[in-house]
Amino acid sequence: MNMQPSKATSSALMALAIVVTLGMPVDAVLAADAPNPDTATREQLGQKLHEAQERLEQAAQEVAELSMSISDEVGPEVRRFAHQGSRPMLGIGIDMDEKGAAPDGHGVRVTSVSPGGPADAAGIKANDVIVAFAGKPLAAADGKSPQKQLLAGIREAKAAQSVAIEYQRDGKLTKTQIVPKSVAESLADLRMFSMDDMPELPDLGTKHWAGLRPMPFGMRDQGGFGSAELVELSPQLGKYFGVDKGLLVVRAPHDERFKLQDGDVILDIDGRTPSGVSHAFQILSSYRSGETVKLHLMRQQKRVELPVQVPESSSLSPSRLAPPPLPPAPGAPPPTA
Amino acid sequence: MHATVKDLISVRDGEPVGADIAEHVDGCEECSAALAELSEVRRELRRLPDYEPPSHSWAAIEQQLRSPALARRRSLGWRATGLRAGATAAAVGLGALVFVLLIGAIMRGSSPDTGSSESHQGRKTAQALEPVGALVARSQELEAVLNGLPRPRVERAATSAAIDELQARIEVLDLQLSNADEIGLSGPQAQQLWSRRVQLLDSLVSVRYAEQAARGNNWRSIATGDI
């Protein structure tokens, strides 16, 4: 599917971007001309800046989503991988021709690294040369190129089990571990998109995305749970809240119907433990408006169950709800959560 | 309370809005004037000539932000007038940067309909002819930018989800590109995937920049080029 947007849509977004982006400096410039601001003025300026930053974040996100929805295709051959669910992947791109091998034939040059993927997490960057994988040097031998040997090595690896990898960058050798991801997990992430014609994927068992409904575009709840600011608890931080993991609510959603408060720790959502901020959003987005979901929290070191009726997201708008609290005073240290 | 810009744009484009908003806009002089202004902006935008932003627009801006003269000016301004001037510099710099990133993403991602299928087809052909080598180079530049943008610990839920979605899409493109031989990917198909990858990376950079702006006061370092 490759939908072309209307000119009106593009223009509307351009106008939105202009208003959002130009609105911010104008406020700041006006405030900058004011002589010796008192604390109240500073707070006002801080508030305006925060609001502008929030609008900017929303606008960038909306543009990205529009960009994705305009062209839903993810490639002509992706469905071939749907039946190879356990196949491991590293999240790198390599050239299969001679450009993809190191000049001396020892190693494979990385052309691209998937942001957020296993190779990215292992610190690998584009143009690094992988010289060994799973303890085996990658050099042309027996008519097999280093690239083919690497691909064979990846296929022999197991998803979620770390593998030794060695790479060179600017002549310096680095040895580290990489944890391959399964193709099924990657495609399951993709199911969150509007892939109506996607074939059924293998059962993901306890995989964290299992059981979620695909989320169509336009379901972004900017004023609802989407406006919440959260941080994953580290074990050290968790001690203060009496838990070892969870999502700390740094700033509660604008919509009070979610009943969340600053300082709450989300433990699970209807029994599903969110693996991260994005996952919590995806879980909540999988409920239809009007459905009741039970949020299990730690609030003031006590376990609390909150039944929340999922609001009608389209009726929410950040500006129609209470404004966000003031940002930290100028000069205050950044959040340490 | 007055209607938001988003609401007004929805009203202007005939998209559904709450009855209370529509009623308010009808009766409010200020909102009606803002609506008329937005309609005029759209008319003006439609009159603009077709324009393809330079492929390295972000790099040029980043270079300008990194220029010693600009950094010094911002640094002096910050020290001289404290928060107000610093906030201004950051806001102006970041606003301009994200503005261009957003517009670039819109223009590249959407290929807006100019009313001429011939010119649209011409642009598509031109895009298809962009060599894979150039797309790979742009892709690597964008990855380098992303590597310089650490994820903040505190995340806005909707933004975090959008970033994950963009990354998942890129990952699936990479899965195909790195197994091109096995799945019999043709040259033009690979070229198309690389082009799509660059578009998604472009969007990801925009969202990550904006995220940096909104989280943890890191916008200061973005504005001064210390990223």
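The values are calculated or read from the model by the stated rules, or taken from the named source; none is laboratory data. Nothing here was measured: the structure is a model prediction, and the numbers come from that model. Quick reminder, even Gly has a Cβ in these numbers, built from the backbone with ideal geometry, and neighbours come from all protein chains shown. Each accessible area value is taken on the protein alone, full model and side chains, heavy atoms only, with ligands, DNA and RNA left out. Shrake-Rupley method; radii C 1.70, N 1.55, O 1.52, S 1.80 Å.
If R0 is 41 Å, what FRET efficiency do you get for A:Arg169 and A:Gln47 from their C-beta distance, rounded to 0.05? The partial results should precede the final answer.
Values: r = 44 Å, r/R0 = 1.09.
Given R0 = 41 Å and the Cβ-Cβ separation, E is 0.40.
Between A:Glu156 and A:Gln300, what FRET efficiency follows from the Cβ-Cβ distance if R0 is 56 Å, with the result rounded to 0.05?
Plugging the Cβ-Cβ distance into 1/(1 + (r/R0)^6) gives 0.65.
How do A:87-98, B:170-181 rank on mean C-beta neighbours within 10 Å, highest first?
Final packing ranking: B:170-181, A:87-98.
Over the heavy atoms of A:Lys99, what accessible area does a 1.4 Å probe trace out, to the nearest 10 Å²?
Accessible surface of A:Lys99 is approximately 130 Å².
Between A:Thr292 and B:Ala36, what FRET efficiency comes out of the Förster formula 1/(1 + (r/R0)^6) with R0 = 45 Å and r the beta carbon distance, rounded to 0.05?
Calculated value: 0.55.
For the pair A:Ala140/A:Asp270, report the inter-label distance in nm, with labels modelled 7 Å from Cα in the Cβ direction.
Reported label-point gap for A:Ala140 and A:Asp270 is 5.7 nm.
In Å², nearest 100, what accessible area do chains A and B bury in total when the solvent probe is 1.4 Å?
What A and B bury together is about 8400 Å².
Take every residue in peptide A:125-138, count the Cβ atoms of other chains within 10 Å of its Cβ, and give the average of those counts.
Mean shielding count: 1.
Please work out the Cα convex hull volume for the range A:242-312 and give it in Å³ per residue.
82
Which entries in the list A:Lys99/A:Lys175; A:Lys136/A:Lys172; A:Lys245/B:Lys6; A:Lys181/A:Lys259 go over 27 Å, if you measure between the two C-alpha atoms of each?
On the way: A:Lys99/A:Lys175 23 Å; A:Lys136/A:Lys172 18 Å; A:Lys245/B:Lys6 37 Å; A:Lys181/A:Lys259 36 Å.
The pairs that break the limit, which is 27 Å between Cα atoms, are A:Lys245/B:Lys6; A:Lys181/A:Lys259.
Going from most exposed to least, what order do A:Tyr240, A:Tyr287, A:Tyr167 have by accessible area with a 1.4 Å probe?
A:Tyr240, A:Tyr287, A:Tyr167
Using a 10 Å cut-off on Cβ to Cβ distances, tally the other chain neighbours for every residue of B:202-211 and report the average as a whole number.
6
Using a 10 Å cut-off around each Cβ of peptide A:100-113, what is the average number of partner chain Cβ atoms that fall inside?
2
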